[in-house]
1. Return the calculated 222 nm mean residue ellipticity for the chain, to the nearest 500 deg cm²/dmol, obtained by summing -39500 (n - 2.57) across DSSP H runs with n ≥ 4 and dividing by the residue count.
2. Once you keep just the Cα pairs under 8 angstrom separated by 6 or more residues, what percentage relative contact order results for the stretch 92-155?
3. Report, please, the projected area of the stretch 92-155 averaged over directions, based on the convex hull of its C-alpha atoms, in nm².
4. Would you calculate the separation in nanometres between label points at His76 and Gln103, each defined as 7 Å from the Cα along the Cα-to-beta-carbon direction?
5. Please compute the length gained on full extension between Val216 and Gln114, using 0.36 nm multiplied by the number of residues separating them and subtracting their Cα-Cα distance.
6. If I histogram all Cα-Cα distances within the stretch 153-229 using bins 10 Å wide from 0, what percent of pairs lands in each bin?
7. With the cut-off at 19 Å, tell me which of the pairs Lys5/Lys69; Lys181/Lys222; Lys23/Lys226 have Cα atoms farther apart than that.
8. Please compute the net charge surrounding Asp162, taking Lys and Arg as +1 and Asp and Glu as -1 over other residues with Cβ under 10 Å from its Cβ.
Amino acid sequence: MNNEKMLELVDVHSYYGHIQALKGISLDVNRGEIVTLIGSNGAGKSTTLRTISGLLSPKRGEVRMLGKKISGLPPHRVAEMGIAQSPEGRRIFPRMTVLENLQMGAFVHGKVDQNDLARVFDLFPRLKERVGQNAGTMSGGEQQMLAIGRALMARPDVLLLDEPSMGLAPILVEQIFSIVKDINQQGTTVLLVEQNALMALAIARRGYVLQTGNIVLADDAKALMKNETVQKAYLGGE
C-alpha cells in the first residue's frame, strides 16, 4: 500500500456561525486507500467533507492535498485539484436527464470525455438504460448511482462519499458498496462518510470515529470492528 498522503487534515477547526462543528481534527488518507469516517448524527462527518471540498473554510488548521494547502480555496478550485464529492442527499438535478447530470460532473475539464462516460456506464449499467430519463423520476438507488457517477465524471484522484447508503434497501446498499470497492480498485482514493458502520468498515482499510467534532478513535478497519466501544455504539453489539 502506498503511504503517500493524498489528503491531510491538520488541527482543523470549522464553524457554522458561532457553533463549532470541528474541534481540531487531524486525519490523513493515503493514495489508494478507502478510509471511513463513522459517527452518529451531528458528530461532524458531513462538516469534515464540506471543509475538504471548500464549501466551508476552517477557522484554524489546514487541509492539504498531496502536501499542498487547499483550505481557503473555492470549491471549483478544489475540484480542479482532483477532489470530487457525492453529497449527502444526492443533490442531483431532478429536471435534467441522466446524461445532462453526468455532463455537469465533467465541468472541471470543460468537455465530456467519452471514456469517462463509458466508465460510468460500465460501473452503473442502469444509468446507461436510463440515459435520456429525467433524473427526478428515478428511484433512490438509481439517483445515488447517478450522484456517484456524476462525481466520477470529474476524474477525481480522491472521491468523497457522503452517506451513500442513506435510505436504500439492504440489497442496494450491498450493490453500492461493491461498486465503491470497484472504483477504489480502479485507482481512486476514497474517503467514505457513512452511518452504516458495519458496511463501511467491511470495505475500508482504516477508519476514524468522530464524536461531537472530535476524533476519538483511529485504527485499522478490522481492529475498529472488534473494538468494544465501536461495537456497542455503532455495530449494534451488546
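Readers should treat all values here as calculations from the given coordinates under stated rules, not as data from a laboratory. Given the structure is predicted, the values throughout are model-derived calculations rather than measurements. So basically every Cβ, Gly included, is an ideal-geometry build from the backbone, and we count neighbours across all protein chains shown.
1. Value at 222 nm, helices only, nearest 500: -10000 deg cm²/dmol.
2. 55 percent
3. 3.6 nm²
4. It is 1.8 nm.
5. Full-extension gain reported as 32.4 nm.
6. 17, 49, 31, 3
7. As for pairs spanning more than 19 Å Cα to Cα, those are Lys23/Lys226.
8. Computed value for this residue: +1.
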